[in-house]
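Encoded as structure tokens, the structure appears first; notes follow it.
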Amino acid sequence: MWFSDDPERILPEPGPLESAKSYRGKKAKPLLAKIVKVLRSLYRAYVELKGKYERLQGDYGRVRESNANLSERLQEVKMENKALRGTAADFERVKRAFGPEEIEQAVEDARRRETQEREQKKAKRKFSRGAR
């Protein structure tokens, strides 16, 4: 009864003996109340969907921004990786030119010097803290 091509089925004309007041009370007011109820439920559904759409749009924007940031970081990591591969290749060339034993000895000496420098800095910091 709600959806029809025939307007007479939805809102029939008053009968010849029916007064306008009677028609309004019996047929028109209940029908208008139903229409208002349906419109209110449609409006509520629209408001809910609009809110969900706006939240999804916000989420989509954040995800796109995050994806762009990740893509930039991936490019940076690829460039770093390329540079590290070049350094490793250079190290292998030096190793072949001077011999592995000499290179290992030079690396070990450098590590020892770095360790000594760190320990000296720690001792200076402890001493300067104790003087306060």
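Okay, here's what the table says:
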| quantity | calculated |
| --- | --- |
| Spin-label model distance (nm) - SER22 vs GLU80, 7 Å beyond Cα toward Cβ | 8.9 |
| Rh (Kirkwood; distinct C-alpha pairs) - region 80-128, Å | 13.0 |
| Set of lysines near LYS26 by C-alpha distance (under 17 Å), chain-local residues within fewer than 8 positions excluded | LYS34 |
| Whole-number accessible area per residue in Å² for region 35-132, which is evaluated in the context of all protein chains at 1.4 Å | 97 |
| Inter-label distance for PHE91 and VAL36, nm, one decimal - labels placed 7 Å from Cα along Cα-to-Cβ | 8.1 |
| Those lysines that a straight Cα-Cα span of less than 18 Å connects to LYS29, excepting residues fewer than 8 apart in one chain | LYS21, LYS37 |
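The values are calculated or read from the model by the stated rules, or taken from the named source; none is laboratory data. Because the structure is predicted, anything quoted here is derived from the model rather than measured. All Cβ positions, even for glycine, are placed from backbone atoms using ideal geometry, and neighbour counts span all protein chains on display. Side chains included, ligands, DNA and RNA excluded: accessible areas come from the protein's heavy atoms. Shrake-Rupley method; radii C 1.70, N 1.55, O 1.52, S 1.80 Å.
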